[in-house]
Structures are given as C-alpha cells and as structure tokens.
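Reviewing the structure listed below.
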Amino acid sequence: MPERVAIVGVGYSDIRSITPGLSYKEMMYEAAVRAYEDAGVNPRKDVDSFISVSEDFWEGTSIFDEYIPDQLGAALRPVHTVSGDGIHGLACAAMLIHTGRARVVVVEGHSKHSDMRTPAHIHNFAYDPIYHRPLGAHPHHLAGLEMTRFLFESGNTREHCALVVKKNMANALLNPRAVYGARVSLRDVLEAPPTFSPLGELDIARPADGGFVMVLAGESVAGDLAGDPIWIAGYGWCTETPAIDSRLWGEAIYAQLAAKQAYRMAGITDPFRELDFAEVDDSFSYKELEHLEALGICRHGEAGGWLEDGLTLPGGDFPVNVSGGSLGGGHLLEATGLHRVHEVVLQLRGQAGENQLPDVERGLAQSWRNLPTTTGCVVILERA
Amino acid sequence: MTVKIKEWPGTALSSRDIEEGRVLTVRHKLRAEYEWDAGVAIGRYLRELKNGRLIARRCGGCERTLLPPRMFCEECFTPTSEWVYVGATGTVNTFSICYVRWDVVRLKEPLLPAVITVDGASPGMGILHLLGEVRPDDIRVGMRVQAVWKSPDEREGAITDIKYWKPIQGG
C-alpha cells in the first residue's frame, strides 16, 4: 500500500484580468512564498522535487520549464515540467511520493494570458493543420458543436446553461479571489450577443492571469509540517481521441473514465452520497452540466434539472462551483485544474470565507484541457 | 548511388513543384504575437538602460549583487533588498566567434557574443552581449571591456541601447 499523500500548503498569486505590473516570474514567486509559508517549508532545504505545468505556446517561450527554478526556490534541484493540466502535475507529484523517490514535492501552474496579443491564433495552432484549420473558423466553434449535440442528447436546455452562468457569476461575487463576479439574470445571458451559437457571449469563461503553487507531502512527514493537510484520496486522468470527426460529441467520456479511476482509488461507489461538493470545469456554461453527468454525480440528462431545483446552488444538496468556477473566477489556461483544487482545499480547511460550505469532509476537483482536447483529470480530496 | 541501387526509385520534388501547385500542400502561417510584461525588476533594468546605466539588486541574505536584477534571490529564496548601480565595465567570462548567421549564411565579419562579468556585480554575474571594435583573434577570456552606448536620443529602454562592449585600452 503506497504512502498516503496530502496537500500541506497552498498559495496563489492574485488573479486579475491583466497583470501589467508583474512578470510571470514575480507572479510565481508571490504564489510560492504563500504556499511555503502555509506549509512551513523552506524550498531550498525541504523540497525533494518541483513540477511545473506549462505550455510553451501560451508562454511564447519554448522549453519554458527551464525558466521556472529561480522563482520557486528550485535552482540546483530536481525540476521537470508536465505539459498538461495542473491536476496532471498534482497526480505526478503524488506518484513521486508514492514511489518513495520524494517526500515533499511542489507543483506550480499559472496563466499569463494577457501576454498574448493573438490568443485565438495561438489556440488555433492546436487544431489539425491539414483538414481542420483550412476551414477558417474561430477555435471556439468546437464548443458550439459540442453544446448542440450535448443538449440534443441529454435533454438539458439552453436555459439550463444560462442558469450555470447566473449561478457561477453570483457565487464569484462572494469570493475575493474571483475576478468576474456579477449579478446577471437569465435574460442577460440568453439575450447576450450570440457568438458560436448556441453559445452566447456570457457562456464563455473569460481569461485571466494568476497562478498557484502547492506543496505535497507523504504521511510520514506531513505531520511534522505546519500546513493543515488535505488528503488526496484518489486521482485519474483520461484522453478520448483527437478525431474531431468521430469523437463522442454528446458526453464527456474522458471525465467519466478519469473519475472511474479516482473513485476506485478512493473507494467511492456512490459519488453523490460519498462526496459533499465539487469544483468542475465550466470553461463554457454547458461544460458544467456535461461534466457533472460524466462524473456520475447525477444521471445523464439530470444536471440542468438539478440546477433548476437548486441542488447545485451553495445551499443545495450538492454545491457545484461555489467558488464561481472559471465563468466567475476567470480561466487560467493550464492552471485551471489547480484553480479548482485550490478552492476545494480552502473549503475542506474551512478557509473559504463567505463562500464557506458547512460541514464538508470530502470534495472533488475536475479539469478539462479546453478546446480542442478530450482530456480531463479528476482528484478527490478529503479532510481526514 | 550504391552497389545495389543504380538509380534511386521515385521522383524527387523540386521547389518549383510546390511553388507551381503541382503537388498538394497546406500552408499555415502562425500569428503568434506576445507582449511580455517585463515586471518590476526587468522593467527598472530597461528604464535604466535608457538612462545609460546598469542597475542591479542586492540580496540582504547572501549579500550578492544580482545582475540582471530580480526581486527575489534564487539562492536564499527571500526578497532582494535594494537597488544598486553597477559599472558599465567588466571582464569577458566567455565568448564565441560566430561565422554562421541563424539562416546559415556565412559571415566575413563574425558576430561576437560574449558573457561579461560586470564590475560591481557579484562574481559570475553580468550580461550577455556583443563585442565590437576588436579583432576576433585578439579576444581572450579575462579581457577587460567597456560598454559603448547608443546616443541618448536613440536609446529606447532595450538591451540594444548598448551597441556593444569594446576592449579597454591598456586594460
């Protein structure tokens, strides 16, 4: 039985729509200082390995991981990058500890989205150059296609998606770390200018700058550190297929299979009853509903009705994205998964301020690597 | 040709085949444009270059003078504590004589990149820049050099505000 692993320290750099005053290095330093203070570790002595998640094209520098050690206290130490979502990095850190190779591991992820002048063009570069890009559509058209099929198959409605926007932007108003909090009505969302219909302008999470650093430790040392440990009960990740022409458009099977791995590891058979809340990917409004169903928290076609009945509101039986998610909190590129994890950790510690849920013991964080991917990650976190 | 193969099978492509559309090709020109935020430390460094000066940050922990400046010390992992001006003179740490341009064109006049340890900065700290007013054969590790600046009205807050570094006569 491998050693249990806990997140013993978390830190973030202030999330903003733009951050012209700071370089990405200074931003990462801010998050790192907070995380190490929280965990009570000195990165120069106590950390065995450092992992960063980043994607060279978002950064505008290739082999970007070479630029991360100084601001993490990782110079002259084991460092590597996982080119994936933050939860991929978190899982990798946990595995380093499981193997016994490391006792304390740091994970970092950030977004400096505002450094990009042509983000849609850079995003488009992720699409197939021979038979997809030449069609000339903006990269978000895939979300419009997905939403149409998901609504058609599941029976959820356009209005249900608008309710997701309304809920998450309202939740964000109470979260000092969230940047796009607002009180919007169903009509505001439905009558917003259409973009990649059925998506409207408010259905798409807006990008932001910010980053996270997390310190993980094995059970044998976690007790000696200052941080309030939140245990990693299970994790999983999965990729469906890159084939645009033959993927499953009506359901997020990658999230379903990633969750299956995480549930098996955590010994969960009934996620609705055995989990208290979740932070799931809501990069586009319909994604929250699609992911909730894929995670088996409700059945296929039920997520919209659940929201309508208030079940996923902060006061409901199963609160979802009480932090405001990405729609209310900003989309943070490869740090999006760590954004979700950070909010789950704060909830389980009782440090979520005005968003705090009562009596939460166990929560789930889920991420999706955004368009055009079919990659998702899941992690289950618990208090004891 | 080899012993076994007298003539390579197949038909070679020429650039004209592509230019004249005789073969199917897909072209995609990536528009990847960035405006990287320089941040507190490098932002000030660039402003001081415009003023014709080099500025560093001192770490109160290890007492090193860090050039280029950073707001944190990577060794102590603490914030650095003060700004200090350093000289525009230094010593060649290492260099290369580059006879091939990035597009593989041969150069008669080589490009002379060098790492220069700057006077006033801690040992091994300085600037990657170019050497000038020097014969390639005369360049040595340990050679004393000084910055040659653009005129104040030409400077724009960029690393190229220094034209190059030249040998200090008698240095």
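Test each condition in (1) small (Gly, Ala, Ser); (2) within 21 Å of A:Pro69 (Cβ to Cβ); (3) at pLDDT below 95 for B:Gly21 and report the one that comes out false.
(2)
Here is a yes/no grid of residues against (1) closer than 30 Å to B:Ile168 by Cβ; (2) without any contact (Cβ under 8 Å) to a residue 12 or more places away in the chain:
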position: B:Lys4; (1), (2): no, yes
position: B:Leu24; (1), (2): no, yes
position: B:Cys59; (1), (2): yes, no
position: B:Arg101; (1), (2): yes, yes
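Return the total of residues in region A:105-135 being outside any loop (DSSP other than H, G, I, E, B), more than 10 Å from chain B (Cβ to nearest Cβ) and open to solvent by 10 Å² or more (accessible area, probe 1.4 Å).
Residues that pass the stated criteria total 3.
Give the number of residues within region B:52-92 that are closer than 25 Å to B:Gly157 by Cβ and part of a strand (DSSP E or B).
Qualifying residue count, region B:52-92: 16.
Restricting attention to region A:56-74, report how many residues are within 13 Å of chain B (Cβ to nearest Cβ) and either part of a loop (DSSP other than H, G, I, E, B) or open to solvent by 30 Å² or more (accessible area, probe 1.4 Å) (or both).
Residues meeting the conditions: 11.
Out of curiosity, is A:Leu248 within 30 Å of A:Ala39 (Cα to Cα), modelled with pLDDT under 95 and either in a loop (DSSP other than H, G, I, E, B) or not β-branched (Val, Ile, Thr) (or both)?
So A:Leu248 does not fit the description; no.
Are any residues in region A:187-223 more than 14 Å from A:Met147 (Cβ to Cβ) and of a type in the set (Ser, Thr, Tyr), and if so, which ones?
A:Ser220
Restricting to region A:294-347, and then to whatever is buried (at least 19 other Cβ atoms within 10 Å of the Cβ) and charged (D, E, K, R), can you tell me which residue is nearest to the chain's Cα centre (by Cα)?
Applying the filter and picking the extreme gives A:Arg340.
Identify, please: which residue in region A:136-149 is out of contact with any helix residue (DSSP H, G or I) (no Cβ under 9 Å at 6 or more places or on another chain) and in a helix (DSSP H, G or I) and is, among those, nearest to the other protein chains (Cβ to nearest Cβ)?
A:Leu142
Restricting attention to region A:309-318, does a residue exist that is touching a Ser or Thr at 6+ places or on another chain (Cβ under 9 Å) and at positive phi?
For region A:309-318, residues touching a Ser or Thr at 6+ places or on another chain (Cβ under 9 Å) and at positive phi: absent.
Do the conditions hold for B:Gly61, that is, is it under 17 Å from A:Asp70 (Cβ atoms), of a type outside the set (D, E, K, R) and modelled with pLDDT under 95?
no
Is at least one residue of region A:75-94 within 11 Å of chain B (Cβ to nearest Cβ), part of a loop (DSSP other than H, G, I, E, B) and either touching a residue at least 60 places away in the same chain (Cβ under 8 Å) or crowded, with 18+ Cβ neighbours inside 10 Å (or both)?
No; the residues of region A:75-94 include none that is within 11 Å of chain B (Cβ to nearest Cβ), part of a loop (DSSP other than H, G, I, E, B) and either touching a residue at least 60 places away in the same chain (Cβ under 8 Å) or crowded, with 18+ Cβ neighbours inside 10 Å (or both).
Sort out which residues of region A:15-45 are in a strand (DSSP E or B) and within 14 Å of another protein chain (Cβ to nearest Cβ), and write them in order of number.
A:Arg16
Going by the structure shown, is B:Ala12 of a type outside the set (Asp, Glu), on the phi < 0 side of the Ramachandran plot, assigned to a strand (DSSP E or B) and more than 11 Å from chain A (Cβ to nearest Cβ)?
Judged against the criteria, B:Ala12 is not a match.
Among the residues of region B:80-100, are any crowded, with 17+ Cβ neighbours inside 10 Å and at the interface with chain A (Cβ under 8 Å from one of its Cβ atoms)?
Within region B:80-100, not a single residue is crowded, with 17+ Cβ neighbours inside 10 Å and at the interface with chain A (Cβ under 8 Å from one of its Cβ atoms).
Return the residues of region B:149-170 that are more than 12 Å from B:Leu49 (Cα to Cα) and either under 16 Å from the mean Cα position of the chain (by Cα) or free of Cβ contacts under 8 Å to residues at least 40 places away in the same chain (or both); say none if nothing qualifies.
Across region B:149-170, the qualifying residues are B:Asp153, B:Tyr164, B:Trp165, B:Lys166, B:Pro167, B:Gln169, B:Gly170.
In the set A:Phe212, A:Phe152, which member is aromatic (Phe, Trp, Tyr), surrounded by 22 or more Cβ atoms within 10 Å (Cβ to Cβ) and at pLDDT 95 or above?
Going through A:Phe212, A:Phe152 in turn, the sole match is A:Phe212.
Applying the selection to region A:221-256, what residues are of a type outside the set (D, E, K, R), under 29 Å from A:Ile97 (Cβ atoms) and surrounded by fewer than 18 Cβ atoms within 10 Å (Cβ to Cβ)?
A:Val221, A:Gly223, A:Ala226, A:Thr239
Yes/no matrix, rows are residues, columns are (1) farther than 23 Å from B:Tyr45 by Cα; (2) at pLDDT below 95; (3) not in a strand (DSSP E or B):
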{"position": "B:Pro110", "(1), (2), (3)": "yes, no, no"}
{"position": "B:Thr117", "(1), (2), (3)": "no, no, no"}
{"position": "B:Gly120", "(1), (2), (3)": "no, no, yes"}
{"position": "B:Val134", "(1), (2), (3)": "yes, no, yes"}
{"position": "B:Asp137", "(1), (2), (3)": "yes, no, yes"}
{"position": "B:Gly142", "(1), (2), (3)": "yes, no, yes"}
{"position": "B:Thr160", "(1), (2), (3)": "no, no, yes"}
{"position": "B:Gln169", "(1), (2), (3)": "yes, yes, yes"}
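Given (1) touching a Ser or Thr at 6+ places or on another chain (Cβ under 7 Å); (2) within 14 Å of chain A (Cβ to nearest Cβ); (3) open to solvent by 80 Å² or more (accessible area, probe 1.4 Å), where does B:Arg58 come up short, assuming only one miss?
Of everything listed in (1) touching a Ser or Thr at 6+ places or on another chain (Cβ under 7 Å); (2) within 14 Å of chain A (Cβ to nearest Cβ); (3) open to solvent by 80 Å² or more (accessible area, probe 1.4 Å), B:Arg58 misses just condition (2).
Can you tell me which residue within region B:16-34, out of those that are within 14 Å of chain A (Cβ to nearest Cβ) and open to solvent by 80 Å² or more (accessible area, probe 1.4 Å), is farthest from A:Phe125 (Cα to Cα)?
B:Leu24
The values are calculated or read from the model by the stated rules, or taken from the named source; none is laboratory data. Note that the structure is a prediction, hence the values are computed from the model and not measured. Reconstructed Cβ throughout: ideal geometry from the backbone, glycine too, with neighbour counts over all protein chains shown. Surface areas here come from the heavy atoms of the whole protein model, side chains and all, with no ligands, DNA or RNA. Shrake-Rupley method; radii C 1.70, N 1.55, O 1.52, S 1.80 Å.
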